[in-house]
Amino acid sequence: MFNKELEVTLHKASTDQMKQKPDQSNLGFGQIFTDHMFTMRWTRQDGWHKAAIEPYDNFIVDPAAMVFHYGQAIFEGMKAYRGKDDQIFLFRPADNLNRMNQSAVRMCMPRFPQDRVLQALRAMVYLDQEWVPGTEGASLYIRPTMIASEPALGLRPAEEYIFFIICCPVGAYYAEGFSPTKIYVEDEFVRAVPGGVGNAKTAGNYAASLKAQLNAHDKGYTQVLWLDAIEHRYVEEVGTSNIFFLIEGELITPPLEGSILPGITRDSVLQLARDWGYQVSERRITIDEVLAAGKSGALKESFGTGTAAVISPVGEFCYKEQCVQINGGAAGDLAKRLYDELQAIQFGYQEDPHKWRVRVG
Ligand SMILES: *Cc1c(COP(=O)(O)O)cnc(C)c1O
């Protein structure tokens, strides 16, 4: 299906199709979209075809499209940064596209040619470069998505798909400072089960997580900490981020055993911590171990990792009736150092020994 080189056509937005750029000091998240999008189609007959960078617009989808009924939908989240000397960089984009193909395989969706899509993405970000904000900490969020578009109600993998990429300028995540979160340890609802789809970035996982998220918000918490689905003991993730604990000198994150999303920020943090000489463990950790370490003072730090926030320090965990505060509720030194280092690499102000940065243009 990849024997034919995928052609990408370019339809530039006309001046009257171009939108007014938003106020850079008040961008929010995910409500404003750039002038262009990338789309391509897949059918069993023709493979990937009709690839185009075109003006951002609605597209027509049949109400019987299988995505609406059986949920074959996968996505990615990555960013472009305007950094040193006004250069624009992507951060590990090939890893995102590779992960998307892994999600595709899990959801019985077609794989796509990663190199061609990355080329098209770079061209599109270049075309929309004025949309990449220049204010501190802001970036262009990039959302590749694939949905089953075949109109049919029989339950089986669809034979038609739409792949698209849309982009939106987003403000600095920590507009009000690098402030720690208060986390509710969820002991009833679960995010993912062994053998399920927790390691795929598929839409249903996020729909399934809303109830717990809402409950936690109502009780005054920022996010939920997810425990494993079988024993409700092993820590898995925090909200839609991977989770880390620094206990004495050991940096711990749960292993990728199928129910955890393999985060690219997670991988970058593991690499940096190893570079800096930390003892790093990808191992199972129970909520009891976390609470005990919290009480004894051995738990020095905890933080979530993900593209949106990069590093999100945890100030407090509450499980059933018990709460433990970490580092007096303040962000820890390692969390700060990781955040600063990753941002410096992402924005081009720091050497990039692992070749994570990709320049656009
Ligand atoms: C996207 C995501 C992450 C973070 O992945 P990054 O590649 O670091 O952005 C972690 N957990 C879940 C459930 C996610 O969807």
(request) Report, ordered by chain and residue number, the lysines lying within cross-link reach of Lys50, taken as a straight Cα distance under 19 Å and ignoring same-chain residues fewer than 8 apart. (result) Lys4, Lys12
(request) Estimate the FRET efficiency between Met18 and Asp46 by the formula 1/(1 + (r/R0)^6), using the beta-carbon distance for r and 35 Å for R0, to the nearest 0.05. (result) 0.65
(request) Arrange the peptides 228-240, 298-310 so that the one whose residues have, on average, the most other Cβ atoms within 10 Å appears first. (result) 298-310, 228-240
(request) Determine how many Å³ per residue the convex hull of the Cα atoms of region 1-124 encloses. (result) 153 Å³
(request) Using only Cα positions of region 77-198, each an equal point scatterer, no hydration layer, compute I(q)/I(0) via Debye at q = 0.14, 0.16 Å⁻¹ and quote the log10 values to two decimals. (result) -0.82, -0.96
(request) In whole angstrom, note down how far apart the Cα centers of region 85-129 and region 217-273 are. (result) 25 Å
(request) Calculate the spin-label point distance for Asp218 paired with Arg106, positioning each point 7 Å from the Cα along the beta-carbon direction, and give it in nanometres. (result) 2.9 nm
(request) Would you calculate, for the chain, the mean residue ellipticity at 222 nm contributed by helices, counting each DSSP H stretch of 4 or more residues as -39,500 (n - 2.57) and dividing by all residues, to the nearest 500? (result) -7500 deg cm²/dmol
(request) Can you tell me the FRET efficiency between Arg143 and Gln279 if r is taken as the Cβ-Cβ distance and R0 is 41 Å, rounded to the nearest 0.05? (result) 0.70
(message) In the chain, if the dipole is taken from +1 on Lys/Arg beta carbons and -1 on Asp/Glu beta carbons about the Cα centre, which of Pro144, Met78, Thr305 is farthest to the positive end?
(response) Pro144
(request) Throw me the Rg/Rh for the chain, computed over C-alpha atoms with Kirkwood Rh, two decimals. (result) 0.97
(request) Apply 1/(1 + (r/R0)^6) to the Cβ-Cβ distance of Lys84 and Leu153, taking R0 = 51 Å, and write down the FRET efficiency to the nearest 0.05. (result) 0.45
(request) Compute the relative contact order of region 181-346 as a whole-number percentage, counting only Cα pairs closer than 8 Å that sit 6 or more residues apart in sequence. (result) 24 percent
(message) Using Cα springs under 10 Å in a Gaussian network model of the chain, which residue among Leu127, Leu251, Leu210 shows the largest mean-square fluctuation?
(response) Leu210
(request) Report, ordered by chain and residue number, the lysines lying within cross-link reach of Lys355, taken as a straight Cα distance under 21 Å and ignoring same-chain residues fewer than 8 apart. (result) Lys79, Lys84
(request) With label points built 7 Å along Cα→Cβ from the Cα atoms of Thr135 and Gln119, find their separation and express it in nm. (result) 3.7 nm
(message) Using the Karplus curve 6.51 cos²θ - 1.76 cosθ + 1.60 with θ = phi - 60°, what ³J(HN,Hα) values do you get for each residue of region 322-327, in whole Hz, with x for Gly and Pro?
(response) 9, 10, 10, 8, 10, 6
(request) Sort by residue number and report every cysteine in the chain with no other cysteine beta carbon within a distance under 4.7 Å. (result) Cys108, Cys167, Cys168
(request) Taking H placed 1.01 Å from N in the peptide plane, check which residues at least 5 places from Lys79 or on another chain put their amide H under 5 Å from its amide H. (result) Phe91, Ile142
(request) Using only Cα atoms, find the angle between the long axis of helix 333-346 and the longest principal axis of the chain, and express it within 0 to 90 degrees, rounded to the nearest 10. (result) 20 degrees
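All of the numbers you see were taken from the coordinates with simple rules; none came from a lab. A quick note: this is a predicted structure, and the numbers were derived from the prediction, not measured. Ideal geometry is used to build each Cβ from the backbone, glycine not excepted, and the neighbour counts take in all protein chains shown.
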